[in-house]
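Heads up: the structure comes next, in structure tokens.
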Amino acid sequence: MGTKGVRAEREPAERLPVARVCVDVSLAHLDRPFDYLVSAADDEAAQPGVRVKVRFAGQLVSGFLLARAESSEHGGKLSYLEKVVSPERVLDPEIARLARAVADRYAGNLADVLRLAVPPRHARVESRSTAAGTALDQATASEPPSAPLPPPMAAAAGSSAPPPAVVAGSSAPPPAVVAAGLSVPPPAPAGVETAEPSAESSDSGRSASVPAGMAGSEPESSDSGGSGFVPAGMAGSEAESSDSGGSGFVPAGVAGPEVESSDSGGSASVPAGPETVPSVAAASGLNPSATAAERWDGIREPAAGGWDSYPAGPAYLRALRDRRAARAVWSALPGEDWAARIAEAAGAAVRGGRGVVIVVADARDLERVDRALLAVLGPGRHVALNAALGPAERYRRFLAAARGRVPVVVGTRAAMWAPVPDLGLVVIWDDGDDLHAEPRAPYPHARDVLLTRARLADCAVLVAGFARTGEGQLLLETGWAREIVAERMTLRRRSPIISPTGDDPQLARDPGAVSARLPSLAWQAARQALQAGTPVLVQVPRRGYLPSVACAECRTPARCPHCSGPLGLQGARDVPICHWCGRASAAFSCPACGEQRLRASVIGARRTAEELGRAFAGVPVRTSGRDDVLDTVPAEAALVVATPGAEPVAEGGFGAVLLLDTWALLSRADLRAAEETMRRWLNAAALARPAPEGGRVVVVADGALAPVQALLRWDPGWFAARELAERRELGFPPAARMASVTGQAAAVAELLSLARLPEETEILGPVPASDGQERMLLRVSRSKAADLAHALHEAAAVRSARKAALPVRIQVDPADLF
């Protein structure tokens, strides 16, 4: 009773008494903010970005406070916020806008995206970090900054029109919203028509305009600006920035003393150089009143033989220092210390007073970049985010970034959401790795999230890797980004000797090479490297011993007699075991011919290591795979058998790299099979020593194949352009946009009947999916991608409001189409 009395006596706050809250409910028809009253007692703590608890449908649910407003359009009575969980503002305004844009692009819910973007709260870490931050602020409060600090990000967030206030189905905009509101989508781009919600989904309260984030990473729109830089040597007219807002990247000596703002609404003219931006200096814990030389003391200059090996490299670093939105696709040289190059790019952005977000695929790459950032930036200027850290340490580092204590954040996929002060550069390494694809709804890809974030923040982009994806090539062909590649002379000097085993000269010398798993050319390359005292890398596509076996007589694939799953051997003396049910089949007999003997269909990494150990007696053989991944190996004679992605780095490089069982990669039924094969080959071949030092790569494949030709010339750009041209002709991503709808046949048919699809939508299917489900593919041109995503989300909202029993999975641009 006492609690009810206290609640009855609550009074609303005098100023901005209405809070707009995103409740943590994953229902499409509830994908909108709801209005609540803020009590006078919670007025100070209830600021945009904090976690709150609210009553929703009779239950206490979590949520994020997005904005404060003077009033609500809802005519009924508003409930009060039940609790402000913490005054910590964990949802940055930039991340809130990004989350809304990503949700719209992938036909998802804002609550699902925020669940990916903001880690769970750790109260003890939060309280300790708050106490430490307060002590640091008190220690530096007596030192006034030499220049006024820029306005907070929250103020910038208010520059766009606020989203509609929605309570109990109301979709009308509120009369007043605080400028620091978070859920402020950018205005729809020119040419995108607004769409009124259908009668069936009018209760969803979605904004009538299509948010710009739905096409956030569309490189086709020429009005989004140029790439932001022009490599050295280009004509002066080409070096000028476009009227649409790209900041010119001009050679040394051409740029004037100031960098003019773009027409697209960038910041006002900013004097070039790091002296102009004290905000990141303060974020780094440095004395804001220090001179520029003192402020960035300890940041190492780019090493010789690094970025200067690329004609456009030094100009790109100058653009980062000058705070320009330079966008580039970088093809790294073989043997490149790519982690150091990324760290140097981050250092250039930090010298320009901007923040940096770097995303890599796995923990090994993260460790390399972490070490490189420490060497280039010095201590205290970056944090590394990794799920393996544990909830406490991960949340501590997240708070360091959210509070602006560090200007650089590096991490795996989740780091794409990391808040940093004054974001100036986003970097993704090896964007073709499937680990960059989020497996949770709404299934965003790190590359597309970072490109959308760069568009919203008007910052620089670096899409980097040894290989190049079709998406990266599209950025270049549309002019959205520029290419950073080395000259052919430099490439020849840095590349190993690459040879195929299936071309005519090799077959003339070794007729058995066409069927041999280790042709004589590969054997000789390995022997010469071992005799020289250097390690040899052997890449095998499959892990295990014999992952697939067949009848030795009729070659019929061996299958489990219980569940018809594929059989495999885990060791030389083991019995066949089913990969599906795990049962052993010691008395296997071929159902076709009755033969009991088995032969290998696919040879795994452990069996390969066993065979190589017999072929090269006395040479140490090491394996690197899922169970035991090696990070580095010493510069001594040894055989290293690794699966793709688990290749270690050898001191000084491998003397030879052997690419075996190439048919297993090239023959996969996948749209990206050739692209993925190219990526895996280049990543492994890049670990070899240069040709002048005896480095050699042998690929066991026909030299006439396009991926092999690209590998021989080390020309990922040519291969990516070829792949993109073929996909454009066939209407496959990234030349077109596709969405998959998976579920029970009745549920899929119901959703498609409710969806107001664009007129040009092409419906493909249905095709069988797992668990007795079916899958439909929807294809549209890139210009209609936003309309397709909006239509699918609208249909999902109608089914959600009707409490449909059968779920349907919606994926925009799924990684697997077949």
* **Cβ charges +1 (Lys, Arg) and -1 (Asp, Glu), total dipole of the stretch 730-818, debye** => 200 debye
* **Cβ-derived FRET efficiency at R0 22 Å, Trp663 paired with Ala615, nearest 0.05** => 0.55
* To do: Compute the distance in nm between two label points, each set 7 Å from the Cα along the Cα-to-Cβ direction, one at Glu760 and one at Gln524.
  => 5.5 nm
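May I ask you to compute the full-extension gain from Ala587 to Arg55, defined as 0.36 nm times their residue separation minus their alpha-carbon distance, rounded to one decimal in nm?
So the extension gain works out to 185.3 nm.
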* When the accessible area of the stretch 749-798 is computed with all protein chains present and a 1.4 Å probe, what percentage of it is carbon and sulfur? -> 50 percent
* To do: Specify whether the C-alpha gyration tensor of the stretch 1-120 places it in the rounded, prolate or oblate class, a ≥ b ≥ c being the square roots of the eigenvalues: rounded for a/c under 1.5, otherwise prolate if a/b is larger than b/c and oblate if not.
  => prolate
* Structure fact -> Placing each pseudo-label 7 Å from Cα in the direction of the beta carbon, Trp718 and Asp362 end up separated by a distance in nanometres of 3.0 nm
* Enumerate the amide H contacts of Ala326 below 5 Å, restricted to partners 5 or more residues apart or on another chain; note that Pro and chain-start residues carry no placed amide H. => Ala460, Val461
* Structure fact -> FRET efficiency (Glu726, Glu9; Cβ distance; R0 56 Å; to 0.05) is 0.20
* To do: Would you calculate the separation in nanometres between label points at Ala304 and Cys554, each defined as 7 Å from the Cα along the Cα-to-beta-carbon direction?
  => 7.1 nm
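The values are calculated or read from the model by the stated rules, or taken from the named source; none is laboratory data. Worth saying up front: this structure is predicted, and the values here are computed from it rather than measured. When we count neighbours, we look across all protein chains shown, and the Cβ atoms used for this are built from the backbone with ideal geometry, even at glycine. The accessibility values were calculated without ligands, DNA or RNA, using every heavy atom of the protein model including side chains. Shrake-Rupley method; radii C 1.70, N 1.55, O 1.52, S 1.80 Å.
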